[in-house]
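Before any comments, here is the structure.
The values are calculated or read from the model by the stated rules, or taken from the named source; none is laboratory data. Values in this document were obtained by computation on a predicted structure and should not be read as measured data. Neighbour counts are summed over all protein chains in view; Cβ atoms, including those assigned to glycine, are modelled from backbone coordinates with ideal geometry.
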Amino acid sequence: MRGIWLVGITTAVVMAASAGADRIREIEADIAADPGNVDLYVELGMAYEYVKDWENAARAYKSALALSPGDPNIHYRLAETYLSDDKLPQAVEEYKAVVRLDAEAKTPFYHMGRAYLGMREYDNARAAFEEFNRRVAFDFNGMWYLGQAYEGLADYRRALEVYRKMYDLITGPYAGVTGVFGNADDLSKHIKKIEKKVR
């Protein structure tokens, strides 16, 4: 039975990749007929993202930006592509472009913070997650990553404040919530670990 399941999954992946390649060829033909259509380049970038071809996705989004440089949504797609491809400095620059172009943007701060954590730029990560959490009121994953940034800065007291606030929320009014931190039991174990660093 397990072998049949694996064959089914493999077949689905191959079919999806084939469908993605077919769609890419269709969009490229549309672009050849209408090279000034920014939406086609965005669609092409998304098609490349679908098949996890980050380099070509980035190339398509850059072509879209050449036609529409002030579009924050295209900058966001390019940033997400760079983040997926582990090109963290480039991702940060594109997220910064998004927030310059869209003063109400929230999510770019979250992803910018994740990129900064990946680069071990903990103070920048802290600033990004503080801004994200300020803009969204609260988000458990955003709070967790803010705590991680404080840990990276060896500011264990501030990390502990964040984690305890999270714990109070997920064992109280938001009981049962899970996230990148796991569940309430996982968070409790992490809090105990950090408490030892504060003593």
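Suppose we filter Val92, Val180 for residues that are closer than 30 Å to Glu55 by Cβ, surrounded by fewer than 20 Cβ atoms within 10 Å (Cβ to Cβ) and either of a type in the set (Val, Ile, Thr) or in contact with a strand residue (DSSP E or B) (Cβ under 9 Å, 6 or more places away or on another chain) (or both); which single one remains? The unique qualifying residue is Val180. The single residue among Tyr82, Tyr50, Tyr76 that is surrounded by fewer than 17 Cβ atoms within 10 Å (Cβ to Cβ), within 17 Å of the chain's Cα centre (by Cα) and in contact (Cβ under 8 Å) with a residue 12 or more places away in the chain turns out to be Tyr50. Filtered by the rule that a residue be at pLDDT 95 or above, closer than 22 Å to Glu26 by Cβ and of a type in the set (Phe, Trp, Tyr), the range 49-96 gives Trp54, Tyr61. Checking each residue in the range 1-25 for being modelled with pLDDT of 85 or more and either more than 17 Å from Tyr61 (Cα to Cα) or surrounded by 14 or more Cβ atoms within 10 Å (Cβ to Cβ) (or both) picks out Ala21, Asp22, Arg23, Ile24.
Given the condition under 20 Å from Lys189 (Cβ atoms), surrounded by 17 or more Cβ atoms within 10 Å (Cβ to Cβ) and under 16 Å from the mean Cα position of the chain (by Cα), answer yes or no: does some residue in the range 100-121 qualify? Within the range 100-121, not a single residue is under 20 Å from Lys189 (Cβ atoms), surrounded by 17 or more Cβ atoms within 10 Å (Cβ to Cβ) and under 16 Å from the mean Cα position of the chain (by Cα). Note on the range 122-144: among residues that are surrounded by fewer than 20 Cβ atoms within 10 Å (Cβ to Cβ) and polar (S, T, N, Q), the one that is nearest to Arg59 (Cα to Cα) is Asn124.
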